[in-house]
Amino acid sequence: GENVEQHPSTLSVQEGDSAVIKCTYSDSASNYFPWYKQELGKRPQLIIDIRSNVGEKKDQRIAVTLNKTAKHFSLHITETQPEDSAVYFCAASSRAAGNKLTFGGGTRVLVKP
Amino acid sequence: NAGVTQTPKFQVLKTGQSMTLQCAQDMNHNSMYWYRQDPGMGLRLIYYSASEGTTDKGEVPNGYNVSRLNKREFSLRLESAAPSQTSVYFCASSELWTANTEAFFGQGTRLTVV
């Protein structure tokens, strides 16, 4: 089955700096790569996703890049703000596997004012 | 539009007791999932149902059973609860056959087994 590794497990940045989280996956059939943000005590919520036919996607201060050959994808947050503090999860899935998401272990991001 | 609704939100069980976690979605999604999240860890798939009438084991199925009651509802049953099943349980749903396969999560059930 799919295996997703996520690094780093914790990330502390100064407000205004950039944050980068990296994930690798094992199943070459995976074709959908979402990123979820989870605030304390809340449910995971999708912040951005990318499909395997696209190399990069941006949404305001958030961007995701995908390298299919190397089987890794990254989340980039620019101009970080205190409200970006949360746990971020990457995931991978394929329709052939019923779209079930396999999650990375999560990255706890702390943005210091 | 409620999205994905789970009940109950909190539950305390004694070792050996049984219970069923309920999940319902109103987005007409084909696929539904049950995940558990242990403190400081990621989400691990327990069981999933790619479409009505089918269920499959995920990464950590031992000690659990599921029922896809209809397209809307997907329940998770613990037959004999153990302390190792103390966790937060999330139900999720997504579409299977369209281009938009975003998964939506319920608010979670915090289960403690003593």
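Roughly what percent of Cα-Cα pairs across segment A:14-110 reach past 22 Å? Value for segment A:14-110: 25 percent of Cα pairs lie more than 22 Å apart. How many lysine pairs are close in the protein assembly as shown, with Cα atoms under 21 Å apart and the two 8 or more places apart or on different chains? Total qualifying Lys-Lys pairs in the protein assembly as shown comes to 23.
Per-residue 3J(HN,Hα) values for segment A:66-78, derived from phi via the Karplus relation 6.51 cos²θ - 1.76 cosθ + 1.60 with θ = phi - 60°, read 10, 10, 5, 4, 8, 6, 9, 9, 9, 10, 10, 10, 9 Hz in sequence order (x marks Gly and Pro). Taking every C-alpha pair closer than 8 Å and separated by at least 6 residues, the mean separation divided by the residue count of segment A:31-113 gives a relative contact order of 28 percent. Compared with the alpha-carbon gap, the fully stretched path from B:Leu69 to B:Ala2 is longer by 22.2 nm at 0.36 nm per residue.
Bear in mind these aren't lab numbers, they're just calculated from the coordinates by the rules spelled out. What you see is a predicted model; the values in this text were computed from it and never measured.
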